[in-house]
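Peer 1: Got a structure for you, questions after.
The values are calculated or read from the model by the stated rules, or taken from the named source; none is laboratory data. Here the structure is a predicted model, which is why all the values come from computation and not from measurement. Using ideal geometry, Cβ is built from the backbone for each residue, glycine included, and neighbour counts are taken over all protein chains shown.
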């Protein structure tokens, strides 16, 4: 079961801190900064015309400006994957942008249901657009970490289960914002 909303921020902080500590001890990566604010985003509707009890949380983006040899990128992502698995975030998105940006960016995106954790490694100095002066990304070379989840409050869980019961086995419609 996914964590309740009340557990999410502490879980995100713990996961991110463990990844940062491990990347420091194994790869010497230090100097992390927080680039934006974390936040909660209530869902507008439940897809069936009613109010949703779900809410989404996005952590702040944690970044560090550092140049990592491209030969280490997959090892760094594997290290992050191993940590994410300890938090039961065990599935991995196979699209790592390798085909689109093979020479300058790699993404490890790990998930469990609606919970995810992403690590991005990049070196825009290897990007032909950057070399031509056409890039607008703020992080030139480095690593970024980002956590997010859509979950429910512990106090709303029983009501959520009760409301969802009549729809068991029915294919969920496409999400809308017109509820």
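Peer 1: Name every residue in the range 12-32 that is in contact with a strand residue (DSSP E or B) (Cβ under 8 Å, 6 or more places away or on another chain) and surrounded by fewer than 17 Cβ atoms within 10 Å (Cβ to Cβ), in order of residue number.
Peer 2: 30, 31
Peer 1: Let me ask something else. Provide a single number: the residues in the range 38-71 that are modelled with pLDDT of 95 or more and in a helix (DSSP H, G or I).
Peer 2: Selection size over the range 38-71: 0.
Peer 1: When you check residue 75 against the structure, is it over 26 Å from residue 34 (Cα atoms), assigned to a helix (DSSP H, G or I) and either touching a helix residue (DSSP H, G or I) at 6+ places or on another chain (Cβ under 9 Å) or modelled with pLDDT under 85 (or both), yes or no?
Peer 2: no
Peer 1: Limited to the range 113-128, what total is found for residues that are surrounded by fewer than 18 Cβ atoms within 10 Å (Cβ to Cβ) and part of a loop (DSSP other than H, G, I, E, B)?
Peer 2: 2
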